[in-house]
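Data first, discussion second: the structure below is written as structure tokens.
Please treat every number below as a calculation from the coordinates, not as lab data. All figures in this text were calculated on a predicted structure; none of them were measured in a lab. Because the Cβ atoms are built from the backbone with ideal geometry, glycine has one as well, and the counts that use them run over all protein chains shown.
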Amino acid sequence: MAKLLDGSAASSLRAIRASAAREIRTTAARVIRLLPRAAHSPLTSRPKHPFWVIVSKEMGDHIRSWRFIILLSLIALTCFGSLYTALNSIGTPKATGTGGNASFFFLQLFTATDGTLPSFAIFLNFLGPLLGIAMGFDAVNSELNRGTLSRLLSQPIHRDYLLNAKCMASLLVIAGLFLALTLVTTGLGLLVIGIPPTPAEFIRLLAFTLLTIVYVGFWLNMAILFSVRFRQPATSALTAIAVWLFLTVFYPILIRLAVKAFAPDPSSMAIFPASISGSERTVLDMLRFAPGQLYSDATTTLLMPVVRSLGPLSMDQVAGAIPNPLPVGESIVIVWPQLTGLIAAATACFALSYRSFMRKEIRPR
Amino acid sequence: MQEPIIKITALSKRYGELKAVDNLDLTIDKGEVFGLLGPNGAGKSTTILMLLGLTEPSQGNVRVCGFDPTSRPLEVKKRVGYLPDDVGFYDDRSGLENLLFTAQLNRIPKADALRRAGQLLDQVGLTADAQKRTGTYSRGMRQRLGLADVLIKNPPVIILDEPTLGIDPQGVREFLDLIVRLSKEQGITVLLSSHHLHQVQQVCDRVGLFVGGRLIADGNIDALSTRLFAMEPFMVEAGVSAADTSATDAGALSQHDIDVLTGLFRDIPDVRSVSYTGELFRIACRQDQTPAVARTVIDHGYLLTLLQKKRYGLDEIYHRYFENGKNYGKTA
């Protein structure tokens, strides 16, 4: 009797297991069908969607290109350089002694510096645009000049596939690159300092990576826009670099000059403290038209949990506040406008290039 | 009567003031090899771009295989292979890789694509170079790879825009032979644009002459020639020098002599026009009047230095039309 029961239980178990296996198999098949097949999958003989054909080709082109390899090594080098200086400064007791930051030991890898080299985050602020521009400035016009565009577009694909696929491929490469870079830096830091990051720190690092991808994505889309508008790759590269230089170097100077001209004179400021914070706020708001400023605001908040506001705070607001680090959620709420701003700017660039590409006449060279 | 594979009605394309294509009507039937003949800038390429939906027509209607290229570009592009002049490939990929990429874009399964690419590379004679990077290909090789690239999706229609530009004569002949053979074997409709008259004549069933955005004539070459020169199929060229050879500028005709002779030639029956250019009289006539011309010259005391009768060949057709084209341009 017991044996019989045992047998039936075993058989029902087997049946359950079989059905579960079947279930898993069908689900897997469904998932695989939905998944973009970046590599040729032997599971299905159905050919890839043309969109993913272009994406994988573009990714291949990027990864093989000298331009990308050079930039990659440049970024990797600077990152390891800044990691080294960060580790140096972390080693000294001075850095660890300051307030609430001490508990976020891990994040200091990305922000701390001993003064010889800028920190990881500042380096990315500087090199990210370069990477985005390098990957996008000849996206469309080089195809036009090589005479491949008309051949490509005479294939049965929608015209926007090309633009979308190029954007997608570059974003995927950028995402992979920065994710790898952040994780490698984390891993190296882990090896050296021996303290694992807390979950909160890890989430902050992931948010930081996402932010970096969006930031580089903005420059990428801007470069693609120029590559649609200008026929010569050199022109589009120069224009993109000019915009970058203007926004990072000259724009802040111009804003400061303008503010100096219009600001109330210092003697009246002493009487009306409100006007100080008002003019400070205007300056900041103006500066935030530059994506670099948005990025540095957001990285500061994400990587330094003690930062609780990005604008000026009056004494009233600070009074009574305990200098505690903010929880992850709160920091993310603070950077939300910055993140949305960057995404909006990137989307605007993409929309513009989309619009001008769709109506463009594709002549053979 | 079968539905024409390409049907263009009242098609126009304007770039600002310039009319690149002006009220074009054209039909091409299945299996035809049609030559679009015209000088540079006549609007051939623009017409082709509109056929593929790569540029929008300003006016008019295009149907390719029954589809409108502007609103249903994918259906058209599935069925039409297009080889632009000076086709480009991804230079850092091999010829085979380039072909496979196109095949993938057409959703051809990998195994089929490989087999077909092999066949086509063999047909265009590039099997030995299949693994080389296309950056190292010569112009002729690129163009042949382009043909393979066009054919890999097995299209019922192929459009070739100046396909023989920059290939050596031997290469041109092989290329054109290949096109004709494919067209005949597989019933592919071919639209070929060119400004090389002789090549077009060599391969095309029918020719359309395209000048200044207009199709001024179409038909086979014989039909074109009879239509155009119906009024004056003969041309006599005569070189004449003055009888008085003792003068310093021996033999040269004075303006007076030219006027006199022109008048005399005009009096010959059936002569339609007389012109004097490059020290030669050109006398166009309805009947062969060579003897009459010779007699006229000699009877009036001039010396005949050269006399030749010309039948209008293709070059004349071409020149004739292009002169007209220029006139169109001036009056428009």
### Query
If each residue's Cβ is checked for other Cβ atoms within 10 Å, how do A:SER154, B:SER193 rank with the fewest at the top?
B:SER193, A:SER154
### Task
Please list A:144-152, B:209-217 highest first by mean number of surrounding beta-carbon atoms within 10 Å per residue.
B:209-217, A:144-152
#### Entry: Which of A:PHE218, B:PHE175, A:PHE105 has the fewest Cβ neighbours within 10 Å, and the rest in rising order
A:PHE105, B:PHE175, A:PHE218
### Query
Cross-link partners among aspartates and glutamates for A:LYS260, C-alpha distance below 18 Å, same-chain residues fewer than 8 apart left out?
A:GLU280, A:ASP285
### Query
Is the shape of region B:1-130 best called rounded, prolate or oblate, per the rule: a/c under 1.5 gives rounded, else a/b larger than b/c gives prolate, else oblate, with a ≥ b ≥ c the square roots of the Cα gyration tensor eigenvalues?
prolate
### Task
Within 10 Å of each residue's Cβ, count the other Cβ atoms and sort B:GLU174, A:GLU201, B:GLU56, B:GLU185 from fewest upward.
B:GLU185, B:GLU56, B:GLU174, A:GLU201
### Task
Report the relative contact order of region A:67-211, percent, no decimals, based on alpha-carbon pairs under 8 angstrom and at least 6 residues apart.
27
### Task
Give the span of chain B's Cα atoms along each principal axis, as three whole-Å numbers ordered largest to smallest.
84, 44, 39
### Query
How many partner chain Cβ atoms sit within 10 Å of a residue's Cβ in peptide A:141-154, on average, as a whole number?
6
### Summary
Each residue of B:80-90 has, on average, a number of other protein chain C-beta atoms within 10 Å of its C-beta equal to 6
### Query
Counting pairs of alpha carbon atoms under 8 Å apart in space and at least six apart in sequence, what relative contact order in percent does chain B give?
18
### Query
Angle, helix B:169-186 long axis vs. longest principal axis of chain B, Cα atoms, 0 to 90°, nearest 10?
60
### Query
Per-residue mean of other chain beta-carbon atoms within 10 angstrom of the beta-carbon, peptide A:60-69?
1
### Message
Need the C-alpha centroid separation for region B:109-130 versus region B:156-190, integer Å.
### Response
18
